[in-house]
Amino acid sequence: MKRILENIKIAFNSITLNKLRSFLTMLGIIIGVGSVIAVTSIGSAAEASISENIQSVGSNVITITPGRDRPFTSSSSGGESLREIQRETNINRSGGNARPPEEQGQGPAGGGFMGGMPMIEEEEEEEEIVAGELYLEDVSALKEKSDLLENIAPVLTLGNLNFSYGSSSGNISVTATSEQYPSLSGYEIDLGSFFTEFDVLNATSVVVLGYDVVTDYFGKINPIGEEVKINGEKFIVMGTLKSAGYTFGMSADNSIFIPVTTAQNKLYGNDTINQITAKVKSEDFIDAAIIEAKSILREQHSILPGEPNDFEISSSEQLLEMATSITDTLVITLASIAAISLLVGGIGIMNIMFVSVTERTREIGIRKAIGAKNRDILIQFLTESTVLSLSGGITGIGLAGLITWIINTFTALSSLITISPVVIALAFSTVIGLLFGILPAMRAARLSPIESLRYE
Amino acid sequence: MEKKIILTKEITKIYKVGDIKVNALRGINLEINEGEFVSIMGPSGSGKSTLMNILGCLDKPTSGFYYLDGINVMDLNDNQLAEIRNKKVGFVFQTFNLLPRLNIIGNVELPLIYSRREQSRARKDLINEVINSVGLAEWIKHKPSELSGGQRQRVAIARALINNPAIIMADEPTGNLDSRTGEEIMAIFQELNRRGKTIIFVTHEIEIAKHSGRIIYLRDGILCGEEKVKEPVNACKMLENMPKLEDKINNFSNNNSNVI
């Protein structure tokens, strides 16, 4: 024990003797460890924030979107090998056409990292989808015929439209929907009320404002009953929402909501919708509800048996899975890039240890002349490289703390450095110190005592 | 009959410098008894340092036999040689060979670290005792660079003594010192020898060699004669007759004061 302390003392002595050199050597490890920890903790914070947002909506929400022309889809099945086969089949079938970008984004998600959710994997194997549209009639059909769904709402996202109140104006994202939307999205009313079934049926010109829109345009004025303009059309403010935070980097706080019918008549000029969102009555029936919705819509769209669907149904669980797997992939990619800097740092340590051994040849000779064994010298230099690397690792953790603090201060994420990456980073930098220190230490240990005593 | 602490038979040492073989030692037969004070003399290149390194177990002979305190050194591996250097031999070098970053205590303590003796309390006392015995008690916290040459050599002697070795080996220990300081160092060696330590040292100055009891002459890698010193020079008496350094400086500055 005393000897280990002795060696650590010697190591610190020689590290502090060349402060700048030691710091520059450690920098590789500092940056490596710092960025690996920062990336993983920010990544897990992002993941947590996404899943929290999705779960606040409820895991029993399903989304129906119009089909886009793609011969096959399987948003979550199998591993990489199966996917390769599918990809080849795709190319064959579509005559070598490039796939739509959406699928390329979604394709590699799923199975790989998360282990997948078995229920979904069984459900959606190789389903062909053709282009199609969704209409308000589809919503009515589902409302009428479905036993498992409730709170069925159409959604039409109009993107950023010109919004003005009094003299101030700007671009704001407009979502058109029905009175069912708040119970699906989890948004809470602050002032006034959300629009009602009456407003949807009669296509009234009313609007509900997100939290940021209220603060940006109205300040302390009560917006209820005020007249605003969207793309020049007059609307009356009916209610405002409480702050809801971010989902996928987007926030309802900066959106406004109008009845879907009004949007189709006045702003969209088309009777299609982007999406149908619905809640399954119980989480146990999600699969059944998807099957039910499918058959209702197939009937509604007069699709013959054997013909592909012209719409797509996904559950919020799938959404969650996709989101996590994307962040996971991102985190792993970034962390591996950062880990390369650890490797480079290790090489830097090896380099400086070789220099140190050469510089201290005489010291090694003296130590050996008075009785140091080869092993004593080996341990001395290994301790030195490990102390060097480990100090870099600890500083790197400090750096990661600083980075996450900055991220937390300037974004809505609340990332926290967890124990496991810290432990792994410390273990890793110890291993790097040992690994890259072993060659220089062996060289030192093998020096002959007389030759090193003669060394000038 | 006295115990032979060193016994060599036909020791040779061949260095290879590139393709050229250098016969540094060509068959050395040497016997040294316990408690002897022996000096090895010879011109530079005679192989005396090579012999010293072999006797001190820093190097192994190419052929021959070497028994140190009854142990056949030829049979030992690197680690066992290190242990001999640590426990049986105390080395004093011409260039002191102290570690510049350690203070006196650290330097003197070094052999203890490698001999794996624990007992921290006794260890501290031992270090202080040895440092006192070479007259450096006031300097224990100083680093070698803050000491004079003579003081540094005393530190080196203290380091050589710390593990209470049977033999002290010194390679030109006074070579880098002025004559008075050299005499002081020789006084320490003579005192150690009087207390029973075997001392072997290398020198090329006959005045220094005459402090020992026996002088061995070495030339071209072979022993070419030896001589018993009937009445070794007593270093303490020499010191009494030598002017002190301060006196010299005073004389010098008095004589030259009108020049400046």
Original post:
Label-point separation (nm) for residue A:160 and residue A:435, each offset 7 Å from Cα along Cα-to-Cβ?
Top reply: 4.6
**OP:** Using only atoms on other chains, find how many Cβ atoms lie within 10 Å of each Cβ of peptide A:357-370 and report the average.
**Re:** 5
Original post:
What is the local net charge at residue B:149, summed over the other residues whose Cβ is closer than 15 Å to its Cβ (Lys, Arg +1; Asp, Glu -1)?
Top reply: -1
Original post:
Taking both sides together, what accessible area is buried at the A/B interface, probe 1.4 Å, expressed in Å² and rounded to the nearest 100?
Top reply: 2400
Original post:
Over all residues in B:90-101, what is the mean tally of Cβ atoms on other chains that come within 10 Å of each residue's Cβ?
Top reply: 3
Subject >> Label-reachable residues, the range A:30-56, where backbone N falls under 14 Å from a point 7 Å from residue A:423's Cα toward its Cβ >> reply: none
**OP:** Kindly count the pairs of lysines across the range A:134-309 whose alpha carbons are less than 24 Å apart, treating pairs on different chains or eight or more residues apart as eligible.
**Re:** 16
**OP:** Nearest 5 is fine: what % of DSSP beta bridges in the protein assembly as shown come out antiparallel, could you say?
**Re:** 70
Original post:
Summing -39500 (n - 2.57) over the DSSP H runs of n ≥ 4 in the protein assembly as shown and dividing by its residue number, what mean residue ellipticity at 222 nm do you reach, to the nearest 500 deg cm²/dmol?
Top reply: -15500 deg cm²/dmol
Subject >> Other protein chain Cβ atoms within 10 Å, averaged over every residue that makes up B:47-54 >> reply: 1
Original post:
Tell me, what is the percent relative contact order of chain B, built from C-alpha pairs under 8 Å that lie six or more residues apart?
Top reply: 25
**OP:** Quickly work out the residue A:131-to-residue A:191 label distance, labels modelled 7 Å from Cα along the C-beta direction, and quote it in nm with one decimal.
**Re:** 4.5
Original post:
How far apart, in nm, are the 7 Å Cα→Cβ label points at residue B:21 and residue A:455?
Top reply: 2.9
Original post:
How would you order A:373-381, A:34-42, A:218-226 from highest to lowest mean count of nearby Cβ atoms within 10 Å?
Top reply: A:34-42, A:373-381, A:218-226
Subject >> Restraint check, A:19/B:141; A:373/B:210; B:3/B:141, Cα-Cα greater than 29 Å >> reply: A:373/B:210; B:3/B:141
Original post:
Ranked highest first by the average count of other Cβ atoms within 10 Å around their residues, in what order do B:180-189, A:137-146, A:387-396 fall?
Top reply: A:387-396, B:180-189, A:137-146
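The values are calculated or read from the model by the stated rules, or taken from the named source; none is laboratory data. What you see is a predicted model, and the numbers here were worked out from it, not measured in a lab. Glycine also receives a Cβ, built like all others from the backbone with ideal geometry; neighbour counts cover every protein chain displayed. Quick note on the areas: whole protein, heavy atoms, side chains included, nothing else; ligands and nucleic acids left out. Shrake-Rupley method; radii C 1.70, N 1.55, O 1.52, S 1.80 Å.
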